[in-house]
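Contents: one structure, followed by commentary.
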Amino acid sequence: MEVIAQQIRKEYYRRGGSSNIFMAVEPCDFVIPAGQLTLIHGRSGSGKSTLLNMLAGILRPTEGRVFYDGTDVYRMKDVELSAFRNLHIGYVPQGQSAVSSLNVLENVMLPYTLYGEDGRDAALAAMERFGIADLCEVMPDRLSGGELRRMAIARALVRNPQVLFADEPTGDLDDENTAAVFGTLKELAQEGAAVLVVTHEEDSFRYADRIFDMNAGKLG
Amino acid sequence: MKHLRGLIYRNLVTRPVRSIALILLGAVLSLSVFTGTCTVQSLERGFGSMRSRMGADIMVVPYAALSRKNFDNEILLGNADSCYMPSENVDEIAQMEGVRRISAQFYLTSTKLDCCDTPVHLMAYDPETDFTVAPWILESDGGEIGPFDVAAGCDIRAQVGDTLTIFGTPVTVAAKLDRSDTDYDSTIFGDMETICALAGASGDEKLQSLTEGGVDLVSAVLVDAADGYDMESVKNDINIHIKKIRAIQSQNVLSGVSSGMSKVSDTAKALMAAVWIVSAGVMAAASLMMTGERKKEFAVLRVLGASRRKLAAIVLGEALAVSAAGSLAGILPGLLAVAGGAGWLEKWLGLPFLLPGAGVIALDAALAVLVTALTGAGAASFAARRIIRQDTGTIIRSE
C-alpha cells in the first residue's frame, strides 16, 4: 500500500504573539512508498510529528489530501476511517502510550479487542518477536521505559499492517534494543509495508531507504 | 478480554476509589428516588383510603370529642373515641332537610385480646344502615353481620369463619376488612346486640352501665346529603338545630389533611430533585475529570482504530455500569427503610400513610434504578462529547 500526500499543510490558531496563525507544516507533497523505510529527521518542534499524524489519518490537514492506494482517507466517514486504521495502519506513538488498566498482553491485543476479535495468539507472537513474552500479566506501571516502548511497537505490529508510522520509536531504548527495533521496521518494509519513522536520532539513518529533513515546518 | 465490556470492567476495577465513590453516590440517588416515590405514593394512597372511608359527606360527633382531639388527625383517621351523644340526635339528624341517609356508630372500649398485638377497639354499628364499613370488607362468609357475628379489621389475627372469644363470649368472624392504616385495622365491628352482650360480659361496671337497658348513646353519626342539596347548608343546619354536637363537612376536613399531605409530598419531591441535581453534577464532574486524566489513553485507542462512537461507548458504558451498580445498592436499604419506617413516618407526620402493594413497590424500585442509571449516563455524556471532539493528533503528540 502506498501513501501519497498532495499539498498538505497544517495551521494552528493561537492567541497572543505577532500572528494568530502558526504554520506547523508548510504545504508539501509527500510519498511513502510500499517496501521502503522512509525516515523524517528534524529537531523537536520542527513539525515532523504533525506531518506524520496527518499522513496517519489522525490529524486533518488544514488543506491538502492524503491518499492510500488512491483512496482519500479524509473523505471517509469516521467509522470507516477508524476501521481502516485498525486494519491497515500501525502506529507507535511518542512517549508512554500504554492503557494503564490493562496488562501487557491485553494492551498488545487492543487492536483486536476494539473490534470484538480474539487476538491472543497474534499478540503472543508479536510479544515473542520483541522479547516481552514473559511479561504477559505484568501491568504497565511495572515496566521499564524500554519495555513500554517494545510493547507499543508489538501492539502497532500485531495486525501486520501495510503501513506503519512510528514517532520517535527508540527514544527510551538502549543501543541493542534500538538496533532490534529498526531491524524489525526494516524487515517489515522489506516484506512490502510502507514504513515512516520520525526521529531526531541520526544513528538511525543507516536503516533508512529514504531520508528527509524537516525544519520549521518545511520538508527538505 | 475480547470485548469493550472487558475494557470497561478493567477500567473500573483498577480505579476502585473512584468507582466506589460513584457507586455510593448512585446508591444515595437511587435510595432517595425510591423512598421519596414510595413516600409520596403512600401519602396519596393513605389520603385516597381516608377519602373512600369518608363515604359520608358529613360527620356528626359530640362537641366534647372536638375539644379532646385533633379532629382531622384522630377521628377522621378512624380513631375510636369514647365521647357520646344521645341517640335521639340520630333521629333528629335523619329528619333534617337535605339528609339522604345516616348511620350511627357506638364505641364501647379498647381491650387487649390474644388475637391482636395492640388493643382491640370494640365498635357497634348498624349493618342495615351502614355505608362506611361495608366498603372496606375484603372477604366475608356471604351473609349479613348478625348477632354474635363480627367484622374484623385486618390486624386481628382471625380468618372468616373463625371464632373469637371476647370477655368469655364467643363471636364469629363473618367478614374481614381490608387494610386502611387507621384504627379500623384493629377494630371489631358488631351490631348493637353483640356489643351490648360483650359489655355485659366484660364485668366492667362502666361498660355495663353504658349499655344497660339497651344503647341510647352514639359516638358518631355519618351523614350522606341528598342530591341537589348543598352540603355546607346541611352541615350548618345540623349545627344550628342540634345542641352539643358538631357536624363537620368531610371535604373541609379532607382539605386540611390534603394541605398537610401536599406540603410533605412537595418537600419529598424537592428533596428528591435536590439530591438528583447534586448527584448529576458530581457525576458529570467526575466523568469530566476522568476523561481529562485519560486523554492520552483515549487518543491511543483512537489511533489503534477506535471510532468516536466506540470512545463514547466506553465513557458512557463506565458511567452506566457504576450508576447501575449504585442504583441496585441503594434499593436494598430503600426497601428496608420503606418497610421498617412506614409506621414511624405515619406517626411522625400525623398523616394517613398507606404503603402501595408489592407490584407498585417493585415498579418504584425499577424506576429508581432507571433514573439513577440514566442520570449517570446523561452526566457522562458531556465527558463523552469532549472526548470525541478532541484532536487526537494534537493530544497524542503533546501528552
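The values are calculated or read from the model by the stated rules, or taken from the named source; none is laboratory data. All values reported here derive from a predicted model rather than from experimental measurement. For neighbour counting, all protein chains shown are included, and Cβ atoms are generated from backbone atoms with ideal geometry for every residue, glycine included. The protein model used for the area step is the full one, side chains on, heavy atoms only, and it has no ligands, DNA or RNA in it. Shrake-Rupley method; radii C 1.70, N 1.55, O 1.52, S 1.80 Å.
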*Among the residues of segment A:43-65, count how many are within 20 Å of A:Gln162 (Cβ to Cβ), outside any loop (DSSP other than H, G, I, E, B) and within 12 Å of chain B (Cβ to nearest Cβ).*
5
*Filter segment A:76-94 down to residues that are at the interface with chain B (Cβ under 7 Å from one of its Cβ atoms), not aromatic (Phe, Trp, Tyr) and not in a helix (DSSP H, G or I) and give me whichever is least open to solvent (accessible area, probe 1.4 Å).*
A:Pro93
*Is it fair to say A:Leu173 is closer than 24 Å to A:Lys48 by Cβ and in contact with a strand residue (DSSP E or B) (Cβ under 8 Å, 6 or more places away or on another chain)?*
no
_In segment B:157-198, the residues that are over 31 Å from the mean Cα position of the chain (by Cα) and not in a strand (DSSP E or B)_ = B:Phe167, B:Gly168, B:Met192, B:Glu193, B:Thr194, B:Ile195, B:Cys196, B:Ala197, B:Leu198
*Examine segment A:62-75 for a residue that is open to solvent by 10 Å² or more (accessible area, probe 1.4 Å), touching a residue at least 24 places away in the same chain (Cβ under 8 Å) and either within 19 Å of B:Gln390 (Cβ to Cβ) or of a type in the set (Ser, Thr, Tyr) (or both), and state whether such a residue exists.*
yes
*For A:Pro161, all conditions in the list (1) crowded, with 24+ Cβ neighbours inside 10 Å; (2) within 12 Å of another protein chain (Cβ to nearest Cβ); (3) of a type outside the set (Phe, Trp, Tyr) hold save one; what is the number of the exception?*
(1)
*asked:* All but one of (1) small (Gly, Ala, Ser); (2) within 14 Å of chain B (Cβ to nearest Cβ); (3) part of a loop (DSSP other than H, G, I, E, B) hold for A:Gly131; state the number of the condition that does not hold.
replied: (2)
*Are any residues in segment A:110-144 touching a Gly at 6+ places or on another chain (Cβ under 8 Å) and open to solvent by 10 Å² or more (accessible area, probe 1.4 Å), and if so, which ones?*
A:Tyr112, A:Tyr115
